[in-house]
Amino acid sequence: MPLDKYRAKRDFTKTPEPKGAPRPTKARQRLFCVQKHLASHLHYDFRLEHGGVLLSWAVPKGPSLDPTVRRLAMHVEDHPLEYGTFEGVIPEGYGAGIVLLWDEGSWEPEVDDVDAALKKGDLKFRLNGYKLKGSWVLVRTRGADGRSWLLIKHRDEWAGPVDVTEFAQSVKSGGDFADILAGDRPDVWTSNRPARGGEAGALLERIIEQALALKTERTTRNEEPKRPARTAKATPRAAAKATATPRKKTAPSPSKRRAPATKRQRD
Ligand code: MN
């Protein structure tokens with residue numbers, strides 16, 4: 001059954017993640033999303049809607065807009081469609097940590113038969129998100145377990161030397177990991193210590209420290225004057241596109257997206 005693996009890994013009395021049900025893909029746009037997931041290891045979960053679920057790959061380094069860069073993408077269990085809008089704190093259990101909705105939009109296959117492409121291990125597609133756009137490919141590698149794929153940007157007007165992971169903010173709340181934690185778990189945030197002890201508590205504590213470290217790192221960087229090293233590497237055209245990208249979509253409005261995490265709407 002679809003989603004069996006997804007459900008087997010989770011205790012839905014303890015996680016805020018959706019239980020979900022497969023939903024047929026009707027005559028509408030296919031969803032895609034990328035969730036930045038601060039768990040035991042920071043990674044980006046890349047998800048494409050197909051066959052009523054979200055096909056999912058965990059990308060440790062996140063997507064790259066540079067066509068010469070191949071990013072490892074580990075194929076993981078299908079997720080329910082509802083997961084595509086999920087953002088929040090998973091306090092314990094599988095995937096414990098913080099999930100940030102890093103990008104979302106629609107995707108279209110650049111092949112006639114998605115199932116055949118998946119079976120072959122070569123899926124070409126177009127993304128239309130806030131941060132990721134244009135043509136991409138997922139290629140399965142010859143690894144023994146068949147779970148290793150590579151996510152590669154095709155050369156087009158959306159490719160470029162900009163490090164897109166520098167755009168760290170959520171497309172849902174406008175916040176970062178620390179903001180999401182503060183909004184979801186003010187108790188944990190104010191004491192800066194998990195309410196519960198034991199292994200889960202220690203993990204969450206480590207994650208809080210990481211969220212703070214990432215925030216400090218970014219704040220420090222943003223406070224500095226423009227670094228020539230970073231702007232010089234980026235072509236003006238690509239840089240303009242990368243910054244212009246979020247404004248090209250109609251909804252949600254920039255004001256809503258930048259609303260403080262504490263005031264954000266929950267789905
Ligand atoms: Mn994950």
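Among residues belonging to segment 47-77 that are in contact with a His (Cβ under 9 Å, 6 or more places away or on another chain), part of a strand (DSSP E or B) and not aromatic (F, W, Y), point out the one that is surrounded by the fewest Cβ atoms within 10 Å (Cβ to Cβ).
Among those residues, the one meeting the criterion is M74.
Looking only at residues of segment 93-114 that are touching a strand residue (DSSP E or B) at 6+ places or on another chain (Cβ under 8 Å) and more than 16 Å from the ligand (Cβ to nearest atom), we find that the one that is nearest to L181 (Cα to Cα) is G105.
Just for segment 105-116: of the residues that are without any contact (Cβ under 8 Å) to a residue 60 or more places away in the chain and either buried (at least 19 other Cβ atoms within 10 Å of the Cβ) or assigned to a loop (DSSP other than H, G, I, E, B) (or both), which one is nearest to the chain's Cα centre (by Cα)? Checking each candidate, the answer is E110.
Table: residues versus (1) touching a Gly at 6+ places or on another chain (Cβ under 8 Å); (2) among the aromatic types (F, W, Y).
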residue: H41; (1), (2): no, no
residue: Y44; (1), (2): yes, yes
residue: H50; (1), (2): no, no
residue: S56; (1), (2): no, no
residue: V59; (1), (2): no, no
residue: D66; (1), (2): yes, no
residue: R70; (1), (2): no, no
residue: E77; (1), (2): no, no
residue: Y83; (1), (2): yes, yes
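Inspect all residues belonging to segment 15-33 and state whether any of them is part of a strand (DSSP E or B), within 16 Å of the ligand (Cβ to nearest atom) and modelled with pLDDT of 95 or more. Scanning segment 15-33, I find at least one residue that is part of a strand (DSSP E or B), within 16 Å of the ligand (Cβ to nearest atom) and modelled with pLDDT of 95 or more, so the answer is yes. Cβ-Cβ distances below 6 Å connect the following pairs, each with a first residue in segment 146-166 that is in contact (Cβ under 8 Å) with a residue 60 or more places away in the chain, a second residue that is assigned to a helix (DSSP H, G or I) and buried (at least 20 other Cβ atoms within 10 Å of the Cβ), and a separation of six or more residues or different chains: V162/A242.
Between G146, G88, the distinction of being modelled with pLDDT under 95 and touching a Pro at 6+ places or on another chain (Cβ under 7 Å) belongs to G88 only.
Looking for whichever is without any contact (Cβ under 8 Å) to a residue 60 or more places away in the chain and among the hydroxyl-bearing types (S, T, Y) here; the options are S56, S40. Which one fits? Steps first, answer last, please.
Details: S40 fails: without any contact (Cβ under 8 Å) to a residue 60 or more places away in the chain.
Selected residue: S56, the only one of S56, S40 that is without any contact (Cβ under 8 Å) to a residue 60 or more places away in the chain and among the hydroxyl-bearing types (S, T, Y).
The values are calculated or read from the model by the stated rules, or taken from the named source; none is laboratory data. Just so you know, these numbers come straight off a predicted model, no measurement behind them. Glycine gets a Cβ as well: all are built from the backbone with ideal geometry, and neighbour counts include every protein chain shown.
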